[in-house]
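Novice: Pasting a structure below so you can have a look.
Please treat every number below as a calculation from the coordinates, not as lab data. None of these values were measured; they are calculated from a predicted model. Here the Cβ positions follow ideal geometry from the backbone for every residue, glycine too, while neighbour counts run over all protein chains shown.
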């Protein structure tokens, strides 16, 4: 796997799980991950072409959503449990995976 594929998986999971959360709880804030996912999906072609600026923007957005999920949403989801917890954990896992592959790609580019 590479950064492009990891970003693609992360953006699709953010979109799908965000919409699922919105449908379930009807809260507009559930669409925040969906917005981040849509922007990350738009960055995918730049990441595939190894555009440094777009890749750094994608890393920043991934880091922001990951910190928001871990710091604000995850504690609330642990209290309520259920499918909301599953959704938040899935988004955290895919965002963490994307961050790992971004860092690996930056290290590989630096070695070149």
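Novice: Quick one: angle between helix 52-68 and the longest Cα principal axis of the chain, in degrees between 0 and 90, rounded to 10, please.
Specialist: Here the helix axis deviates by roughly 20 degrees.
Novice: Let me ask another. Can you give the relative contact order of the chain as a percent, counting alpha carbon pairs under 8 Å and 6+ residues apart? Provide the component values of the computation, followed by the final result.
Specialist: Working: 111 pairs, mean separation 36.8, N = 112.
Value for the chain: 33 percent.
Novice: Taking other Cβ within 10 Å of each residue's Cβ, how do 57, 65 sort, fewest first?
Specialist: Details: 57 17, 65 25.
The most exposed by this proxy come first: 57, 65.
Novice: Given points 7 Å out from each Cα along the Cα-Cβ axis, report the residue 45 to residue 27 separation in nanometres with one decimal.
Specialist: A separation of 3.6 nm, rounded to one decimal place.
Novice: What share of all Cα pairs of the chain, in percent, falls into each consecutive 10 Å distance bin?
Specialist: In whole percents, the pair-distance histogram is 16, 48, 25, 9, 1.
Novice: How would you rank 103, 59, going from fewest to most other Cβ atoms within 10 Å of each one's own Cβ?
Specialist: In increasing order of surrounding Cβ atoms, one gets 103, 59.
Novice: Additional query: Using Cα-only point scatterers and the Debye equation, what is log10 of I(q)/I(0) for region 1-55 at each q in 0.18, 0.22, 0.23 Å⁻¹, rounded to two decimals?
Specialist: Computed log10 I(q)/I(0) values: -0.56, -0.73, -0.76.
Novice: Between residue 60 and residue 86, what is the spin-label point distance in nm, taking each point 7 Å from the Cα along the Cα→C-beta axis?
Specialist: Between residue 60 and residue 86, the simple spin-label model gives 3.6 nm.
Novice: For labels at residue 93 and residue 111 in the simple 7 Å Cα→Cβ model, what's the distance in nm?
Specialist: 2.8 nm
Novice: Turning to a different aspect of this structure: Nearest 0.05, what FRET efficiency do residue 100 and residue 35 give at R0 = 22 Å with Cβ-Cβ as r? Walk me through the numbers before you get to the answer.
Specialist: Details: r = 23 Å, r/R0 = 1.05.
E between residue 100 and residue 35, to the nearest 0.05, is 0.45.
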